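First the structure, in the form of structure tokens, and then the observations on it.
The values are calculated or read from the model by the stated rules, or taken from the named source; none is laboratory data. These figures come from a predicted structure and were not determined experimentally. Note that each Cβ is placed from the backbone with ideal geometry, even for glycine, and that neighbours are counted across all protein chains shown.
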Amino acid sequence: MKLKKIDEKLAQALVENGITEPNEIQKECFGTLKSGADAVVIMPDNGGKSTTIVYTVIQKLEKAEGESTRAMVIVKDKEEVLKMVDLFRKLGNYHNLRVFGAHDKGDIDYDKNQISLGVDILVGTPHKINAMFSSAGFNINTVKLFIVDDADEIFRLRQDAIILRLSNSIEKTQRVFFAHALTERVEALADKTMIEPYLFGLEEYGEEAEDENLYI
């Protein structure tokens, strides 16, 4: 996959999984996401949203390190947890990153034990992640990349208060929201949690999205 300065092994894994050419939004946002800036990325269904999340995390983390979670990816339900974890394993085939998925139907004690053993990437639903980190005493400040997938849908279900609480618990991290549409709730939470976020995926912003901060 041809993205500027992408990890060679990651690019190879993408190609091996049939992902050979980035779309326009992926081209525009890759450098910004790699740089560590906060961002909101608007992508339609089947627009490569999950793939973008996964290769961004792998690119930034590179390899297993320490015992605490370094990337947190929040998704809407059990099905999305399973899909995202599977995609991380496929595209992370040449990296040794440890990924774990937690959802509302899983056993919380088992999940906490697995995280305590050492996880680089935690994928989970809002309620499960909030419950684990509220009760287990894990150090959430090790999270360097905080991603919310399907943010518009999660916030529509009034789970934005959970996301805000988790985000505020992390002293310093890169925050990225992926959504199908830039709703009022997405804008509001981005404004509360992010520092000068970039905005990608809205046609009216055109090429400016690649070069300028678009404050929400």
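Asp160 falls short of the stated requirement of being of a type in the set (Asp, Glu), touching a residue at least 60 places away in the same chain (Cβ under 8 Å) and within 29 Å of Asp45 (Cβ to Cβ). Those residues that are of a type in the set (Phe, Trp, Tyr) and over 27 Å from Lys9 (Cα atoms), I need them from the stretch 88-146; list them, please. Across the stretch 88-146, the qualifying residues are Tyr110, Phe133, Phe138.
So how many residues does the stretch 144-191 have that are among the basic types (Lys, Arg) and in contact with a Ser or Thr (Cβ under 8 Å, 6 or more places away or on another chain)?
Looking only at that region, the number is 3.
The condition of being crowded, with 22+ Cβ neighbours inside 10 Å, assigned to a loop (DSSP other than H, G, I, E, B), within 15 Å of the chain's Cα centre (by Cα) and touching a residue at least 60 places away in the same chain (Cβ under 8 Å) does not hold for Thr52.
Just to be sure before I move on: is Ile108 within 30 Å of Arg158 (Cβ to Cβ), over 18 Å from the mean Cα position of the chain (by Cα) and β-branched (Val, Ile, Thr) in the structure I sent? Taking the combined requirement at face value, the residue satisfies it. Please determine whether any residue of the stretch 34-43 is over 18 Å from the mean Cα position of the chain (by Cα) and either among the charged types (D, E, K, R) or modelled with pLDDT under 95 (or both). No: zero hits.
Within the bounds of the stretch 53-68, is there any residue that is farther than 30 Å from Asn113 by Cβ and not acidic (Asp, Glu)? Within the stretch 53-68 (the criterion being farther than 30 Å from Asn113 by Cβ and not acidic (Asp, Glu)), the answer is no, since none of the residues qualifies.
Going through (1) touching a helix residue (DSSP H, G or I) at 6+ places or on another chain (Cβ under 6 Å); (2) modelled with pLDDT under 95 one by one, Gly47 falls short only on (1). Annotation note: of Lys9, Lys76, the sole residue that is basic (Lys, Arg), more than 23 Å from Tyr198 (Cβ to Cβ) and over 17 Å from the mean Cα position of the chain (by Cα) is Lys9.
When both residues are 6+ apart or on different chains and their Cβ atoms are under 9 Å apart, which pairs have a first residue that lies in the stretch 14-40 and is assigned to a loop (DSSP other than H, G, I, E, B), and a second that is acidic (Asp, Glu)? Here the result reads Ala37/Glu196; Asp38/Glu196, each pair linking the stretch 14-40 to a residue that is acidic (Asp, Glu). For the stretch 77-94, enumerate the residues that are surrounded by fewer than 19 Cβ atoms within 10 Å (Cβ to Cβ) and in contact (Cβ under 8 Å) with a residue 60 or more places away in the chain. Lys90, Asn93, Tyr94, listed by residue number.
Taken over the stretch 23-46, the criterion of being acidic (Asp, Glu) and in contact with a Lys or Arg (Cβ under 7 Å, 6 or more places away or on another chain) is satisfied by Asp38 alone. Where residues in the stretch 74-92 are in contact with a strand residue (DSSP E or B) (Cβ under 8 Å, 6 or more places away or on another chain) and not in a helix (DSSP H, G or I), which of them is farthest from His103 (Cα to Cα)? My answer is Gly92.
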